[in-house]
Amino acid sequence: MLAESADPTLSKSQIDAMLRTVVDRHLTKLDRVALVAKGFTGFDPDQARRDDRRAFWTYSLLDASGPYAEVTDSDHVRMVDDGLCDADIEAVKRHLKMLKDNGLVPTKQHILRGLIEGVAAKAVSTVS
């Protein structure tokens, strides 16, 4: 959206504010999920840590490669070096596929628009 505007740049403070908003919302969500999960009798903190590591790798790959991210051979090696097993790596692949299949990557325009407008940057509408 910004790339199509006359001035596609954001200031450092605008970027910081956008990222802070996203992180704050996500941390609030994670806190709620963790609180509920810990209330179940079968809560497994080790599984929760594995799930967090899987999510970390999913979003790291998206950050590095964009919406078409896939687990490459070199990624596989790095993930094993980080302690993931084949089942974990398959879970990362499934997570990437689910995000793509459900249109969650790239980030939906209405979400980006809200973030951009929230920092007083100019949002540009695109025709689909």
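Filtering the range 9-56 down to residues that are of a type in the set (Val, Ile, Thr) and over 20 Å from residue 119 (Cα atoms), which residue is least open to solvent (accessible area, probe 1.4 Å)? Taking the candidates together, the pick is 28.
The set of residues from the range 56-67 being closer than 17 Å to residue 101 by Cα and in contact (Cβ under 8 Å) with a residue 24 or more places away in the chain comprises 58, 61, 62, 66, 67. Residues in the range 41-51: is at least one in contact (Cβ under 8 Å) with a residue 12 or more places away in the chain and within 22 Å of residue 83 (Cα to Cα)? Within the range 41-51, one or more residues are in contact (Cβ under 8 Å) with a residue 12 or more places away in the chain and within 22 Å of residue 83 (Cα to Cα). Checked against the criteria, residue 56 counts as within 14 Å of the chain's Cα centre (by Cα) and modelled with pLDDT of 85 or more.
Any residue that is part of a loop (DSSP other than H, G, I, E, B) and either of a type in the set (D, E, K, R) or more than 14 Å from the chain's Cα centre (by Cα) (or both) - is there at least one of those in the range 10-17? Scanning the range 10-17 turns up at least one residue that is part of a loop (DSSP other than H, G, I, E, B) and either of a type in the set (D, E, K, R) or more than 14 Å from the chain's Cα centre (by Cα) (or both). For the range 41-51, residues that are more than 16 Å from residue 96 (Cβ to Cβ) and either part of a helix (DSSP H, G or I) or in contact with a strand residue (DSSP E or B) (Cβ under 8 Å, 6 or more places away or on another chain) (or both) total 6. Inside the range 70-128, residues that are within 25 Å of residue 21 (Cα to Cα), open to solvent by less than 70 Å² (accessible area, probe 1.4 Å) and either modelled with pLDDT of 95 or more or part of a helix (DSSP H, G or I) (or both) make up a count of 10.
The values are calculated or read from the model by the stated rules, or taken from the named source; none is laboratory data. Computed from a predicted structure; not experimentally measured. Using ideal geometry, Cβ is built from the backbone for each residue, glycine included, and neighbour counts are taken over all protein chains shown. The protein model used for the area step is the full one, side chains on, heavy atoms only, and it has no ligands, DNA or RNA in it. Shrake-Rupley method; radii C 1.70, N 1.55, O 1.52, S 1.80 Å.
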